[in-house]
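Structure, as structure tokens:
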Amino acid sequence: MSKEVDVVVIGAGPGGMTAALYASRSNLSVVMIDRGIYGGQMNNTATIENYPGYPSIMGPDLGEKMYAGATQFGAEYAYGNITGIEDHGRTKTVHTDDGDYETKAVVIATGSEYKKLGIPGEEEYAGRGVSYCAVCDGAFFKGQDLIVIGGGDSAVEEGVYLTQLANSVTIIHRRDQLRAQQILQKRAFANPKIKFIWNAQVEEITGDDKGVTGVDYKDKITGEQKHVAGGGTFIYVGIKPMTAAFAGLGILDEQGWVKTDDTMHTSVPGIFAIGDVRQKKLRQITTAVGDGGLAGQGVFDYIQTLSDETTTA
Ligand code: NAP
């Protein structure tokens, strides 16, 4: 049997929780569905220092505070893995592994996931030294020499975090300049535990029966094959949208990000998208929260138009 609700928010990260707060505060019935614990990527972030109001806060703590705010006007959180959305015009059916929801409006807030490198050793040693989450797995590698692959905000921020646990952290980057924000770069360059390997094309993650032993790479300048030793390898080579379930709706761009207007409405009336999953320039908690506020108000305005149509029909 399907459940009926005014608004289904898919994903309970910072964007989804803000949309749920705004929509429920406008007296709409709201359910946030997530296949994990609420908080999204904040749960994998040690310290957040670019969210206003908190000079520095642990990611999971900010998630708890947002959840308390999001549910104070009656929005509910439910576990579920979304398998698709059916658009019937004035109503939508949201399919999950655990049953269906009939709703007037949907907010897609599924976020992104870390990309894989697709090199030998990555799959083989996943969970045995290959990780995509320093906060989750860093403690397994206390006192070891670790390797981080990537040059963006995630690689540099998580590399700095790992120095609290590791003996050393080697950041391997494919160019000779980092992509990360200047403040993160400065912090990494000033950290005596961090070394850099530049212009390196990583080719294989090596290991033995105990787990990862290091990374083989090619020096792109000299063409030499080289090896760096390390007990754990953390991979941060970018993100991709979690939008497979929405492929049939005609709302994605070529890379799979959801296209919206500046009120967060997609081209399908009643379907909104917010946060990291959206085609946008700056993917941050602050921008996800801003998107969430707009979508929370947007669903209210949209549902009003449905009632107006009924009244005038
Ligand atoms: P990103 O910004 O896309 O950076 C990915 C990095 O991996 C780049 O340095 C890229 O190199 C490198 N790379 C990509 N493909 C590779 C490959 N096949 N082999 C080797 N290296 C490869 O991804 P991200 O760092 O995960 O960040 C994702 C988003 O979250 C960004 O918008 C970021 O600003 C945001 N974020 C913000 C914060 C914060 O504000 N504190 C923290 C984390 C993330 P090139 O530089 O050569 O392209």
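The values are calculated or read from the model by the stated rules, or taken from the named source; none is laboratory data. Model, not experiment: these values are computed from the prediction. Heads up, the Cβs are rebuilt from the backbone with ideal geometry, glycines too, and the neighbour counts pull from every protein chain shown. In case anyone asks, the SASA skips ligands and DNA or RNA and just uses the protein heavy atoms, side chains included. Shrake-Rupley method; radii C 1.70, N 1.55, O 1.52, S 1.80 Å.
Summary table
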| read-out | value |
| --- | --- |
| Selection count where residues are of a type in the set (D, E, K, R) and within 19 Å of Ile274 (Cα to Cα), scope segment 16-74 | 3 |
| Residue count, segment 1-32 (criterion: touching a strand residue (DSSP E or B) at 6+ places or on another chain (Cβ under 7 Å), more than 15 Å from Thr93 (Cα to Cα) and surrounded by fewer than 18 Cβ atoms within 10 Å (Cβ to Cβ)) | 1 |
| Where a residue in segment 80-105 is within 17 Å of Gly36 (Cα to Cα) and its partner, wherever it lies, is open to solvent by 20 Å² or more (accessible area, probe 1.4 Å) and basic (Lys, Arg), with Cβ under 8 Å and at least six apart | Gly80/Arg35; Asn81/Arg35; Ile82/Arg35; Gly99/Lys3 |
| Positions within segment 280-313 being surrounded by 16 or more Cβ atoms within 10 Å (Cβ to Cβ) and assigned to a loop (DSSP other than H, G, I, E, B), in sequence order | Lys280, Arg283, Gln284 |
| Segment 97-123 - residue that is in contact with a helix residue (DSSP H, G or I) (Cβ under 9 Å, 6 or more places away or on another chain) and away from the ligand (no atom under 16 Å from the Cβ) and, of those, most open to solvent (accessible area, probe 1.4 Å) | Lys104 |
| Selected residue (criterion: nearest to Lys210 (Cα to Cα)) from residues of segment 81-96 that are among the charged types (D, E, K, R) and open to solvent by 60 Å² or more (accessible area, probe 1.4 Å) | Glu86 |
| Residues of segment 218-237 classified as within 16 Å of the ligand (Cβ to nearest atom) and either of a type in the set (A, V, I, L, M, F, W, C) or open to solvent by 20 Å² or more (accessible area, probe 1.4 Å) (or both), total | 9 |
| Condition check for Thr83: polar (S, T, N, Q) and within 22 Å of the chain's Cα centre (by Cα) | yes |
| Residue check for Ile274: crowded, with 16+ Cβ neighbours inside 10 Å and under 20 Å from Ile82 (Cα atoms) | yes |
| Segment 46-75, residues that are open to solvent by 60 Å² or more (accessible area, probe 1.4 Å) and more than 21 Å from the chain's Cα centre (by Cα) | Gly53, Pro55, Gln72, Phe73 |
| Among (1) surrounded by 14 or more Cβ atoms within 10 Å (Cβ to Cβ); (2) among the small types (Gly, Ala, Ser); (3) touching a helix residue (DSSP H, G or I) at 6+ places or on another chain (Cβ under 9 Å), the one test that Ala78 misses | (3) |
| Residue tally, condition touching a residue at least 12 places away in the same chain (Cβ under 8 Å), among the hydrophobic types (A, V, I, L, M, F, W, C), closer than 19 Å to Pro52 by Cα and within 16 Å of the ligand (Cβ to nearest atom), over segment 263-313 | 3 |
| So Val215, is it at pLDDT 95 or above and touching a Gly at 6+ places or on another chain (Cβ under 6 Å) | no |
